[in-house]
Amino acid sequence: DWNMGAFVDKEIARIRALVGDKGQVIGAVSGGVDSTVAAKLMQEAIGDRFHAVLVDNGVLRKDEAKQVKKTLTAGLGINLNVVDASELFLGRLQGVADPEKKRKIIGNTFIDCFQEKAHEIAEAAANTPRAGKIEWFLQGTLYPDVIESISFKGPSATIKTHHNVGGLPAKMGLKLIEPLRELFKDEVRELGTSLGIPEELVWRHPFPGPGIAVRIIGDVTAEKVRIVQEADQIFIEEIRAAGLYREISQAFAALMEGKAVGVVGDQRLHGHIIALRAVVTSDFMTADAFEFDKSFLRKVKNRIGNEVAGVARVLYEITSKPPATIEFE
Ligand code: XMP
């Protein structure tokens, strides 16, 4: 029987004891529930001696970096540093079509950006008399992640390595601090709500580290990213308006390779092909495609056709996992 009040008190005491009076902690946040709850717990325990870093990799959801900044800073009082690295990421991704290469580039670029920011923060911190040096790295690992990384050897095994951002803490000589490592997802959500994290964030669908880059089949360009972001925003907006957001485990728009012919007004348009995906799953290891009403899909298709320039076709993906994966790459 899990007692949340007791958990929070115990965890805050544990963090304070580990870190000490002057110790400092750094950690990456993504805007997802796990990293936000972990960050908020840190803020409660040690205030501004916790430094959160958000790297905007240019392949986040539309306006995501801005929204995360607002929620974490103004809303939750977390000491947040935003690194706008969109151009660096898109530059390094230019012309790269192979999914694993894309993941590697994004992972490595993330590490570069994070380390650079961490050094900057450490230097600034060294000049603050009340604080010591940064010795700790916060990670929002949950209990299932701990178990999975020990026992799971399925096809997604490599995918799960994102929980341990490329061995970054060890590489930087930092010790790991994992305040959520005994918790399940539903407990993290409950904890988040009790810490004052907005409902919308607490129930946010998962979003992959390599972001929209794995939802664009083939090479990534700023134009393709814009199309996916806009289509995705419309799809999610309509899902929320229909009251289906919580029923669906994960939903998003993706971009297929190549172009197709469509007709806009009396003009033939050689445009992009958007695929919509929405799944229901309990563990993300298997998943079923969500069955929308035809009228819902027609509405989303109309909006995307009218509002997103350059789209000629909208498809709805009905393959379950397996044989498909949830993401397209
Ligand atoms: P798949 O596509 O393997 O996705 O069925 C299962 C869950 O994992 C997420 N996913 C990723 N998360 N980095 C991440 O951080 C990745 O490279 C990655 N690939 C998939 C996916 O969004 C889904 O929730």
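Tabulated results
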quantity	calculated
Close pairs from segment 103-131: first under 19 Å from residue 57 (Cα atoms), partner of a type in the set (Lys, Arg) and modelled with pLDDT of 95 or more, Cβ under 9 Å, at least 6 apart	105/92; 106/92; 108/92; 109/92
Checking residue 145 against (1) modelled with pLDDT of 95 or more; (2) under 22 Å from the mean Cα position of the chain (by Cα), the condition it does not meet	(1)
Selection within segment 160-174 - away from the ligand (no atom under 16 Å from the Cβ) and either modelled with pLDDT of 90 or more or of a type outside the set (Lys, Arg) (or both)	169, 170, 172, 173, 174
Residues that are away from the ligand (no atom under 16 Å from the Cβ) and open to solvent by less than 50 Å² (accessible area, probe 1.4 Å), drawn from segment 304-324	304, 305, 308, 310, 311, 312, 314
Filter pass, residue 15 being assigned to a helix (DSSP H, G or I) and buried (at least 18 other Cβ atoms within 10 Å of the Cβ)	yes
Set 219, 186: member being open to solvent by 40 Å² or more (accessible area, probe 1.4 Å), touching a Gly at 6+ places or on another chain (Cβ under 6 Å) and away from the ligand (no atom under 11 Å from the Cβ)	219
Identity of the residue in segment 190-216, within 16 Å of the ligand (Cβ to nearest atom) and among the charged types (D, E, K, R), that ends up surrounded by the most Cβ atoms within 10 Å (Cβ to Cβ)	215
Residue 9 being open to solvent by 10 Å² or more (accessible area, probe 1.4 Å), free of Cβ contacts under 8 Å to residues at least 12 places away in the same chain and either in a loop (DSSP other than H, G, I, E, B) or in contact with a strand residue (DSSP E or B) (Cβ under 8 Å, 6 or more places away or on another chain) (or both)	no
Answer from 207, 252 - the residue that is part of a loop (DSSP other than H, G, I, E, B) and within 16 Å of the chain's Cα centre (by Cα)	207
Set 247, 327, 257: member being among the acidic types (Asp, Glu), outside any helix (DSSP H, G or I), within 14 Å of the ligand (Cβ to nearest atom) and touching a strand residue (DSSP E or B) at 6+ places or on another chain (Cβ under 9 Å)	327
Selection status of residue 69, part of a helix (DSSP H, G or I) and over 26 Å from residue 143 (Cβ atoms)	yes
Some residue of segment 88-99 being without any contact (Cβ under 8 Å) to a residue 60 or more places away in the chain, assigned to a loop (DSSP other than H, G, I, E, B) and of a type in the set (Val, Ile, Thr)	no
Looking only at segment 110-138, and only at residues there that are surrounded by fewer than 15 Cβ atoms within 10 Å (Cβ to Cβ) and more than 18 Å from residue 83 (Cα to Cα), the one that is modelled with the highest pLDDT	133
Residue match in segment 262-272 (condition: open to solvent by 10 Å² or more (accessible area, probe 1.4 Å), basic (Lys, Arg) and at pLDDT below 95)	yes
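The values are calculated or read from the model by the stated rules, or taken from the named source; none is laboratory data. Please read all numbers here as calculations on a predicted model, not as lab measurements. Cβ atoms come from the backbone with ideal geometry, glycine included; neighbour counts cover every protein chain shown. In case anyone asks, the SASA skips ligands and DNA or RNA and just uses the protein heavy atoms, side chains included. Shrake-Rupley method; radii C 1.70, N 1.55, O 1.52, S 1.80 Å.
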